[in-house]
Amino acid sequence: MSTPHHTTPGEAGGPERAVTIAVRGLTKTYGEGATQVAAVHEVDLDVHAGEVLLVMGPSGSGKTTLLLMLGALLRPTVGSVLVTRRNHDRVDLARTSERELPALRATTFGFIFQDYALLDALSATENIAVAANFAGTTGAAADERAAQLLARVGLAHRATARPSQMSGGEQQRVSVARALANDPPVLLADEPTANLDASRGRDLGRLLRSLADEEDRSVVIVSHDDRLRVVADRVLWLEDGRFRTVASLVVDPVCQMQVEPTGAHTEWEGRTRWFCSEACRNEFVAEPQRFLTG
């Protein structure tokens, strides 16, 4: 498994990059009293222009909740999310009125989803043009923008194809192009490679990396996919709604997820093996050699 790249923008003698998202004390709770659960708890985070930030963690750790709050799709219970827009204004999403949020989302964020979320009744060009319409670009200008973006993601030849006529990799590239329709300073991706094979997953990771490098966009990815580490500037581990130190984590030999060395474990060949769950531990104990390659 590759070692995560933890460079902070501005380190190693490079120029300090602008902060596009500044999060302070971000908390989201559900329920009340004894049943109250904090999906995200007092998170602080800065995201820089031109940075690819990868947030990893087990299922239910709060990754998607965090991403939804960063993209103004979910209100935090406590805390602030300051976003720098294209006109350099800074807006606190937590204090922006519901009436203003749709326009803010339409001009500031691009969203990439695990299931692509394309409209099959529309062609690739039309799916992107609709997103451009929401951002204020209409008519021939929207079609031209869509054509440019399809070429940017290597799909100019699929302009008239519908999603059902495309491979999963092609559909996800169209969804990336759609996310760029409003020229957003921030791209937010929720498990973008989950439905892609290894090769297409790597290709998508490289595409997101190039969008950060060449266009100075901030890219925030939440994912279980270890392949995305190689394109990230930083990897943060979110568990139980809090960021934890990646260096303290170990790899579950069954599912390859990084886990804290607590909870489910077993001794094997003089070493303690840690697991994300009892299910993984039991699978390992039943057939340990299957999961040990070295």
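The values are calculated or read from the model by the stated rules, or taken from the named source; none is laboratory data. The shown structure was predicted, so the numbers you read here are calculated from the model rather than taken from an experiment. As a convention, Cβ positions derive from the backbone with ideal geometry for all residues, glycine included, and neighbour counts pool all protein chains shown. The protein model used for the area step is the full one, side chains on, heavy atoms only, and it has no ligands, DNA or RNA in it. Shrake-Rupley method; radii C 1.70, N 1.55, O 1.52, S 1.80 Å.
Answer with yes or no whether R85 is in contact with a helix residue (DSSP H, G or I) (Cβ under 7 Å, 6 or more places away or on another chain) and among the basic types (K, R). If you could, list the steps in order and put the result at the bottom.
Working: in contact with a helix residue (DSSP H, G or I) (Cβ under 7 Å, 6 or more places away or on another chain): yes; among the basic types (K, R): yes.
The answer is yes for R85.
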Please state which one of A177, A147 is of a type in the set (A, V, I, L, M, F, W, C), touching a Leu at 6+ places or on another chain (Cβ under 6 Å) and modelled with pLDDT of 95 or more.
-> A177
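Wholly within the stretch 18-66, which strands (runs of 3 or more DSSP E) include no fewer than the required count, namely at least 3 residues that are surrounded by fewer than 20 Cβ atoms within 10 Å (Cβ to Cβ)?
Values: elements: 19-30, 37-48, 52-56.
Output list reads 19-30, 37-48.
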When residues of the stretch 50-76 are filtered for being out of contact with any Gly (no Cβ under 7 Å at 6 or more places or on another chain) and charged (D, E, K, R), how many remain?
-> 2
Search the stretch 93-119 for residues being open to solvent by 70 Å² or more (accessible area, probe 1.4 Å) and in contact (Cβ under 8 Å) with a residue 40 or more places away in the chain, and hand back the single one that is nearest to A49 (Cα to Cα).
-> F113
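Which residues, taken from the stretch 92-108, are among the β-branched types (V, I, T) and within 22 Å of N133 (Cβ to Cβ)? Lay out the reasoning, then the answer.
The first filter runs over the stretch 92-108 and keeps only residues among the β-branched types (V, I, T), leaving 96, 107-108.
Those that are among the β-branched types (V, I, T) and within 22 Å of N133 (Cβ to Cβ): T107, T108.
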When every residue in the stretch 128-179 that is within 29 Å of E100 (Cβ to Cβ) and of a type in the set (S, T, Y) is compared, the one surrounded by the most Cβ atoms within 10 Å (Cβ to Cβ) is S175
Yes or no: S277 touching a residue at least 12 places away in the same chain (Cβ under 8 Å) and open to solvent by less than 20 Å² (accessible area, probe 1.4 Å)?
-> no
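May I ask you to say which residue of T193, T160 is at negative phi, outside any helix (DSSP H, G or I), more than 13 Å from the chain's Cα centre (by Cα) and among the β-branched types (V, I, T)? Before the answer, list the steps.
Numbers: T193 fails: more than 13 Å from the chain's Cα centre (by Cα).
One residue alone meets the criteria, T160.
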Tell me which residues, restricted to the stretch 86-124, are under 24 Å from L155 (Cα atoms) and either part of a loop (DSSP other than H, G, I, E, B) or touching a Ser or Thr at 6+ places or on another chain (Cβ under 7 Å) (or both).
-> I112, F113, Q114, D115, Y116, A117, L118, L119, D120, A121, L122, S123
Residue under evaluation E214, criteria (1) open to solvent by 60 Å² or more (accessible area, probe 1.4 Å); (2) within 30 Å of A103 (Cβ to Cβ); (3) in contact with a strand residue (DSSP E or B) (Cβ under 9 Å, 6 or more places away or on another chain), criterion not met = (3)
